[in-house]
Amino acid sequence: MAHSKACAFARVRITGPDVHGARPHQGNNAAETAADITAAVRGVRANPLVPHSAKATWIRAGTGLLNVIPGSCELGIDVRAAETALLSELQDDIERRCRSIADAAGTNVDMTWKDVVPAALVGPVRKPSWSRPLSRCRALTCSCRQARRQARTTSTATPFTDRSSRRLARRGTPRRGWHGRRWSRDLEL
C-alpha cells in the first residue's frame, strides 16, 4: 500500500499597533513574535516512523520604514504528514504553540487553516481491463510490420523516382549520375 501525503496550510496573522523605534515599550514587536512562532513550528516533532514535516514558508511584516517597530505580521505555515491522524495532531500542536507564544508576547494571533487535504490510501496497481485487447492489437501491428519488412526485401521494384529513370531501368540501361561508389557519366546509353 502506498500513501499520498496529507497536507494543510495555515495563515497566521499577528495584529497590534505599529510603534516608533524610540518607544518600543509602547507596543509589541510582531516580527519577533513571528520569529518565535517560526522556531516553534520548526521544533514540532511527532512519530519518527511516519514521514511528516512542518515549516514556515513566508513572512511579511512592517511598513518598510526602518524606524518603525511592526505591530502586525503575517506568516504562512506548510504542514504535511503521511497519515491524516498525524496531520491533525500536528495542527493541534502548532495551534497550541502559537497561542502560548502570543500570550507570552501579549499580542493577538489569528490562525486560519486553508486547503486541508486528507491522505489518500492507494491500493496495489492492477492491469486495466482493456490491456488484453491492446496486447492483441500490438501483436497484429508487429505482424504487419514484419510483413512490410519482408515485402521490402523481396520486392523487385526499383528505387528510381523520376519517369525517365524508370524507363531506363525497365530496358536494363544504367542511369547517369552517382551510383554508390562510382560516377556513371562515362557510361554509354
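Summary table below
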item	result
Residues Ile101, Ile77, Ile14 arranged by fewest to most Cβ contacts within 10 Å	Ile101, Ile77, Ile14
Packing-based exposure ordering (other Cβ within 10 Å, fewest first) of Arg11, Arg80, Arg96	Arg96, Arg11, Arg80
At R0 = 45 Å, FRET efficiency that the Cβ-Cβ distance of Asp78 and His25 yields, to 0.05	0.80
Rg [Å, one decimal], Dmax [Å, integer] - segment 10-89, C-alpha atoms	15.8, 50
Label-point separation in nm, Ser88 to Trp58, each point 7 Å along Cα→Cβ	3.0
Sorted by Cβ density within 10 Å, fewest first, the residues Lys114, Lys55	Lys114, Lys55
Cut-off 13 Å between beta-carbons: net charge of the residues surrounding Gly76, Lys and Arg +1, Asp and Glu -1	+2
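Bear in mind these aren't lab numbers, they're just calculated from the coordinates by the rules spelled out. Computed from a predicted model, the values in this text were never measured in an experiment. Here the Cβ is made from the backbone with ideal geometry for all residues, glycine too, and neighbour counts use every protein chain on show.
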